[in-house]
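Inspection log for the structure reproduced underneath, given as structure tokens.
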Amino acid sequence: MFLPSSWTLGMKIVNSLKTLKKRDKGCRIVRRKGRVYVINKANPRYKARQG
């Protein structure tokens, strides 16, 4: 079954994470497996991936 990329893990996929890291004070930028992510453990709705 094919799922659109916008559905993956419920996170935003954006070209630039510069503004997304300022959305909440708990946002952190991490690198995992060659990809850059914004994570927020307190409020997971702020998750994002650079793509």
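The values are calculated or read from the model by the stated rules, or taken from the named source; none is laboratory data. Only a predicted model underlies this, so the values are computations on that prediction, with no experimental measurement involved. Cβ placement follows ideal geometry from the backbone for every residue including glycine, while neighbour counts extend to all protein chains displayed.
Filtering the stretch 27-49 to residues that are in a loop (DSSP other than H, G, I, E, B) and in contact with a helix residue (DSSP H, G or I) (Cβ under 8 Å, 6 or more places away or on another chain) leaves Cys27, Asn40, Lys47.
For every residue, the table says whether it meets (1) modelled with pLDDT under 90; (2) surrounded by 11 or more Cβ atoms within 10 Å (Cβ to Cβ); (3) within 8 Å of the chain's Cα centre (by Cα).
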| residue | (1), (2), (3) |
| --- | --- |
| Pro4 | yes, no, no |
| Met11 | yes, yes, yes |
| Lys25 | no, no, no |
| Arg32 | no, no, no |
| Val38 | no, yes, yes |
| Lys41 | no, no, no |
| Gln50 | no, yes, yes |
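Of all residue pairs spaced 6 or more apart or on separate chains, those with beta-carbon atoms under 9 Å, a first member in the stretch 23-51 that is under 14 Å from Ile13 (Cα atoms) and a second member that is assigned to a strand (DSSP E or B) and of a type in the set (S, T, N, Q) are Arg35/Gln50; Val36/Gln50; Tyr37/Gln50; Val38/Gln50.
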